[in-house]
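Some notes on the structure that comes next.
The values are calculated or read from the model by the stated rules, or taken from the named source; none is laboratory data. This is a predicted model, so every value here is computed, not measured. Every residue, glycine as well, gets a Cβ built from its backbone with ideal geometry; the counts of neighbours run over all protein chains shown. Areas reflect the complete protein model, heavy atoms only, side chains present, ligands, DNA and RNA absent. Shrake-Rupley method; radii C 1.70, N 1.55, O 1.52, S 1.80 Å.
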Amino acid sequence: MGTLCSFAETADAAATGFRLHFYKVFARKEARISFNEKTTNMKTETLETIARKLVAPGKGILAADESSGTIEKRLKSINVPSTEENRRMYREILFTTNGAGEFISGVILFDETIRQKTRDGRSFVEVLEQQGIVPGIKVDKGAKAMANLPGEKITEGLDGLRERLTEYRKLGARFAKWRAVITIGDGIPTRTCIDSNAEALARYAALCQEADLVPIVEPEVLMDGAHTIDRHFEVTHQTLESVFHALSEHRVVLEGMLLKPNMVLSGKDCPQQASVQEVADATVRCMKRVVPAAVPGLVFLSGGQTDLQATEHLNAMNRLSGLPWELSFSFGRALQAPVLKAWKGDSANVAEAQQAFHHRAWCNSKARFGKYTEDMEIAKAAA
Ligand code: 13P
């Protein structure tokens, strides 16, 4: 009996002890959860405010973050040598365009550009802020060939990223960009390429949010090749699925980020080119299947489309109903091609180049409301 009693007592004490231990652990966990929620809410607010500002109605992003190699190609196309001063002059034309802030919400800069100034000594960051434009920064170090996977690329730049983000934030950046590249070809993309790039994008996005920068997550499925629009749909779908899985694993706050996807298109060399309406329908259908509604906006890249095609596609998408996110632009070539063509490296053409930029930004702003029409181009030609 005594033994039984003491066994019962022991069991009871053990149960009490377990309950106490359980409550302690539970209470600690509760405290941790509410602390996490508080800090997350605080951060989410600022990040979400900036993300929403970047996709404000009628506005979109200018991608002016061409790396040294890419800007050299662009300047070469108008026979201008890529010196630091020429690059600076060209970017000054874009950033000082009068009224750009009416249609442009943010500009993505390159490491060199975020440190540059106008001829009259104002920093580019300051100039953009004066226009009501949010400065951003490209932080990846480029897409490099993957070992053992011919034709595929992985984007580098995670080492030392935390420190670089801190510096960019101090220099005035409020958002960042990282571009992953997925190529369609014979037997590619591989699952390894898609998942490795998705993982890098998610690690980048988590670090950005830690540093109080809105991450723009850009997984670009290239339009290069002879693939059909259906194949582009399939690969874009697989890629985005992997990206959102990785973002979730890395606890990225969806409200505080933006997605920069490709539009779903026929490959450049595909004999059967999809119509504007087919592109709009396929792109939105694909996005609806995989992009959570918590993401404030999608800012499409132009990816080698002509400036008019990119505007037409954006316009057609914005005419569709039931869109859970803002559909906007973050164009590089589709905003800059006419500017380069007008400028030609000659200071006598600056006003014309700025007019070309203003006009393209205005057309894309109209496309954000689904109100762009072709005669807007004719109006410009007549002016
Ligand atoms: P394009 O619009 O020229 O594709 O450039 C957008 C961009 O930022 C690519 O990373």
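Taking amide H as placed 1.01 Å from N in the peptide plane, Ile182 has its amide H under 5 Å from the amide H of Glu220, Val221, Leu222, each at least 5 places away in sequence or on another chain. Restricting the trypsin sites (Lys or Arg not before Pro) of region 300-383 to loop positions (DSSP other than H, G, I, E, B) with no more than 15 neighbouring Cβ atoms within 10 Å leaves Arg319, Lys344, Lys371.
Its Cα gyration tensor gives the chain an equivalent ellipsoid, and the semi-axes of that ellipsoid, as √(5λ) in whole Å with the largest first, are 45, 25, 20. Axis of helix 229-249 versus longest Cα principal axis of the chain: the two differ by about 40°, to the nearest ten degrees.
Once the Cα atoms of helix 333-343 and of the chain are each reduced to a long axis, what angle between those two axes, in degrees from 0 to 90 to the nearest 10, is obtained? Helix 333-343 sits roughly 30 degrees off the main axis of the chain. Note on Ser68 and Ile378: the model spin-label points, each 7 Å out from Cα along the C-beta direction, lie 4.8 nm apart.
Comparing Cα centroids, region 254-333 and region 134-148 end up 22 angstrom apart.
Length gained on full extension, Lys117 to Ala145: 6.6 nm, using 0.36 nm per residue less the C-alpha separation. Label sites at Glu129 and Glu255, each approximated as a point 7 angstrom past Cα along Cα to Cβ, lie 2.7 nm apart.
Please calculate how many Å² of accessible area the chain carries per residue, with a 1.4 Å probe and no DNA, RNA or ligand atoms counted.
Values: 18170 Å² over 383 residues.
For the chain, the solvent-accessible area averages 47 Å² per residue.
Under a Gaussian network description of the chain, with springs only between Cα atoms under 10 Å, the residue in Arg169, Arg119, Arg91 that fluctuates furthest is Arg119.
Counting only protein heavy atoms and a probe of 1.4 Å, the accessible surface of the chain is 53% carbon and sulfur.
Across region 256-271, coupling constants 3J(HN,Hα) worked out from phi with the 6.51/-1.76/1.60 Karplus curve, θ = phi - 60°, read x, 9, 10, 9, 10, x, 7, 7, 8, 9, 6, x, 3, 9, 6, x Hz, and Gly and Pro carry x. In this rough spin-label picture, where each label sits 7 Å from Cα along the Cβ direction, the Ser77-Thr192 distance is 3.4 nm. Our estimate of slack between Asp230 and Gln273, defined as 0.36 nm per intervening residue step minus the Cα-Cα distance, is 14.3 nm. A full extension of the chain between Glu84 and Glu210 corresponds to an added length of 42.1 nm, given 0.36 nm per residue minus the alpha carbon distance.
What separates the Cα centres of region 186-239 and region 78-110 is a distance of 28 Å.
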